[in-house]
Amino acid sequence: MNIRRKNINLKYINTFFHITKNLMLIKWCNLDKKICYYQFLTIFNQKNKKKNKHKFCLLDYIKFSSIFKFFFMKLKKVELLTSYLDKFLPLNYNFEYVKTISRLNNSKYKKIFVQFPDGIREYNIILNSLFQLNSRRICQVLNLGITSYGACCIEDYFAKFLGTCVVLHYGHSCLTPISESFVLAIYVFLEINFNWNTIINIFEKKTFLFLRKVFTLFSTVQYISILQNAKKELDLKFKLTFVHTNKPLSPGELLGCTCVKIDNFSNVMYIGEGRFHLETIVFSNFFLHFFQFNPFFYQLLKIDYNIVETLKERKVQILKSFQKKTNLAILSGVLGKQNNNLFLKKIESLISKKSIKILRVVMCEISFDILNKINYGIIKTWIQNACPRLSTDWNNFFIEPVLNSYEACVLFCSVKWKKYTYPLTYYSYKGEYWTMYATVKSFFS
């Protein structure tokens, strides 16, 4: 008799898992206990009706109730923990963890690898707990201790080395095709919401700034949806807004190394905090007026940069390198997807024609401390293939000139120095042959 009861209980347990296999755990948590019972009875009866088996009677219901109560109480505890942890996350940040968990529940992965930028690394413990509580399969969550600087820092190869099959990358857009990743890459844009009507009110109060002047809108990936909503509202009142499309980026999206050349616009409006992304527009468009709307302080600021002096310094560094073209070192960055092998082949073919000695150096993360230590006066010029902003932003910290891919092409006379613009189109499909998406024909033509 005891054996029979165990078999019956096992049958009910297997049926319960069969029903809940394709349902989200959070969905069950939000249901009432009576509704759960009723839903189970309905599905069980429909399943056994075709097989001419007996229906789920009252006696079976009593036998099953003790098992179901155990699972239901467990789900209720998960619901309470989830609601408790959710209070520690900022309300205006869309972490999309419910959508991410449903995606992971449909897969067979038990170990995931998560990357966070600096701005949300303080929430990594909360998000890890939410993943493990609400997912039926995830047993282990690994976090990368190194800061994720940008979308190019996707560590899919390192994730595969650790034995994980999924990479969750927070805070950046998808630059490289997912099909080219070593493991499944899931990008979470992490949208930040705020009252975008404030932008409309500021524009109405300060209409004199934009009177008879067309302006273009830019933002980072976190504010793309707000940018589109604000543009629709501004078009109804001003009819002077414009949003650039720079594939593979979203319309109006801006990266620290990728921007477009703006023609026939007198104003630029950037929605976001900080100055790193805004400087990209200034590099490519010297003589425009730049405004920044800070969504945290709800302020509109007029920004002025002395970019002309910075570009003069870059030209001086190229001239120094031209005088010291004796010992060159090509510095390859292997942080994520930064390295560009096609450019390396192109630049090596140009250097070999000049009969110059080349030293190849590979670094995970390029820093001026390490670079200055391994120099010892032997290497006179560095050509780095990691991030173009390393050369422009950290120029004064390097002992010897460190040129990016565009400046290296200027050094070896394959490209002319552009006087009125500094091209930062590194991840644009329209970029020239020193950029990431250049074709093989453009490289060796």
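Farther than 30 Å from residue 267 by Cα and touching a residue at least 12 places away in the same chain (Cβ under 8 Å) - does that describe any residue in the range 187-201?
Yes, the conditions are met somewhere in the range 187-201.
If you go through the range 327-384, how many residues are assigned to a loop (DSSP other than H, G, I, E, B) and over 30 Å from residue 114 (Cβ atoms)?
Qualifying residue count, the range 327-384: 10.
Taking the condition more than 21 Å from residue 301 (Cβ to Cβ) and part of a loop (DSSP other than H, G, I, E, B), does residue 247 pass?
In short, yes.
Could you pull out the residue among 189, 194 that is within 11 Å of the chain's Cα centre (by Cα), surrounded by fewer than 22 Cβ atoms within 10 Å (Cβ to Cβ) and of a type outside the set (S, T, N, Q)?
189
With 387, 413, 409 as the choices, which residue is out of contact with any His (no Cβ under 6 Å at 6 or more places or on another chain), free of Cβ contacts under 8 Å to residues at least 40 places away in the same chain and of a type outside the set (A, V, I, L, M)?
Checking each option against the conditions leaves just 413.
Could you grab me the full set of residues in the range 225-244 that are among the charged types (D, E, K, R) and assigned to a helix (DSSP H, G or I)?
The answer is 231, 232, 233, 235, 237.
Return the only residue of 171, 150, 163 being on the phi > 0 side of the Ramachandran plot and surrounded by 19 or more Cβ atoms within 10 Å (Cβ to Cβ).
171
Out of (1) within 20 Å of the chain's Cα centre (by Cα); (2) free of Cβ contacts under 8 Å to residues at least 24 places away in the same chain, what's the single condition that is false for residue 98?
(2)
Could you grab me the full set of residues in the range 303-314 that are surrounded by fewer than 16 Cβ atoms within 10 Å (Cβ to Cβ) and closer than 16 Å to residue 399 by Cα?
313
Listed here are the residues, each with its yes/no results for (1) closer than 24 Å to residue 273 by Cα; (2) of a type in the set (Phe, Trp, Tyr).
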position: 85; (1), (2): no, no
position: 108; (1), (2): no, no
position: 116; (1), (2): yes, yes
position: 123; (1), (2): yes, yes
position: 131; (1), (2): no, yes
position: 137; (1), (2): no, no
position: 164; (1), (2): no, no
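Yes/no matrix, rows are residues, columns are (1) in the same structural domain as residue 416 (by TED's automatic domain parsing); (2) in a helix (DSSP H, G or I); (3) touching a Cys at 6+ places or on another chain (Cβ under 9 Å):
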| position | (1), (2), (3) |
| --- | --- |
| 262 | no, no, no |
| 281 | no, yes, yes |
| 292 | no, no, no |
| 311 | yes, yes, no |
| 314 | yes, yes, no |
| 318 | yes, yes, no |
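The values are calculated or read from the model by the stated rules, or taken from the named source; none is laboratory data. Source: prediction; values computed, not measured. Counting neighbours? That spans all protein chains shown, and the Cβs are built from the backbone with ideal geometry, glycine included.
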